[in-house]
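In what follows, a structure is listed as structure tokens, so that the remarks can point back to it.
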Amino acid sequence: MTLNWKLVIDSANAPALADFWAAALEYEVEDPGALIEQLLAAGHLGEEAVAEHRGRKIFRGYAAVRHPEDPFDPISGIGRGRRLLFQDVPEGKTGKNRLHLDVHSESGDLDTLVTRLETLGATRIREVNKGPAGHWWTMQDPEGNEFCVA
């Protein structure tokens, strides 16, 4: 039996970081609005647990993105495949990531991809060129999380 999983990333502003990563990866931001409405109507969720972002109801402090071709639950909006969940935490990032994403361009055009990610809010940190072993950029997302672009 294979297991389902998601990568959870601590954040200061989950909805904004989800927007960045959805655009960066060409994923979809999950829409939990129908589930939230059901939970509110049944009295299982209080208004204090809900926020609004870009005209949608979201769970306060949480946002997720999913691959557009993967299956998802139509009621909850939760993906059942490649998925990133962002959760707000009170403390800021203090050190190097122990886990990171590698973003690859299908076309192999590294400069175009790096420039596109910069327009979304990413920052170049350093270029690494190992010749035949690889060429990539280490970058940071808008909250300082490192990732590589190859």
>> Checking Asn129 against (1) under 23 Å from Ala18 (Cα atoms); (2) out of contact with any Ser or Thr (no Cβ under 6 Å at 6 or more places or on another chain): exactly one of these is not met. Which one?
In response: (1)
>> Please go through the stretch 54-82 and give me each residue that is aromatic (Phe, Trp, Tyr), in contact with a helix residue (DSSP H, G or I) (Cβ under 7 Å, 6 or more places away or on another chain) and under 19 Å from Leu25 (Cβ atoms), ordered by number.
In response: Tyr62
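Yes or no, residue by residue, for (1) of a type in the set (Val, Ile, Thr); (2) part of a helix (DSSP H, G or I); (3) surrounded by 15 or more Cβ atoms within 10 Å (Cβ to Cβ); (4) within 18 Å of the chain's Cα centre (by Cα):
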position	(1), (2), (3), (4)
Thr112	yes, yes, no, no
Thr115	yes, yes, no, no
Thr119	yes, yes, no, yes
Ile125	yes, no, no, no
Pro132	no, yes, no, no
Gly144	no, no, no, yes
> Can you tell me how many residues in the stretch 20-42 are under 23 Å from Arg116 (Cβ atoms) and open to solvent by 30 Å² or more (accessible area, probe 1.4 Å)?
Replying inline: 6
> Of the residues Val8, Val50, which single one is among the β-branched types (Val, Ile, Thr) and surrounded by 15 or more Cβ atoms within 10 Å (Cβ to Cβ)?
Replying inline: Val50
> When you look at Glu69, is it acidic (Asp, Glu), out of contact with any His (no Cβ under 7 Å at 6 or more places or on another chain), within 23 Å of Leu3 (Cβ to Cβ) and surrounded by fewer than 17 Cβ atoms within 10 Å (Cβ to Cβ), yes or no?
Replying inline: yes
> In the stretch 72-110, which residue that is among the aliphatic types (A, V, I, L, M) and closer than 25 Å to Ala122 by Cα is surrounded by the fewest Cβ atoms within 10 Å (Cβ to Cβ)?
Replying inline: Leu99
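The values are calculated or read from the model by the stated rules, or taken from the named source; none is laboratory data. Worth saying up front: this structure is predicted, and the values here are computed from it rather than measured. Because the Cβ atoms are built from the backbone with ideal geometry, glycine has one as well, and the counts that use them run over all protein chains shown. Areas reflect the complete protein model, heavy atoms only, side chains present, ligands, DNA and RNA absent. Shrake-Rupley method; radii C 1.70, N 1.55, O 1.52, S 1.80 Å.
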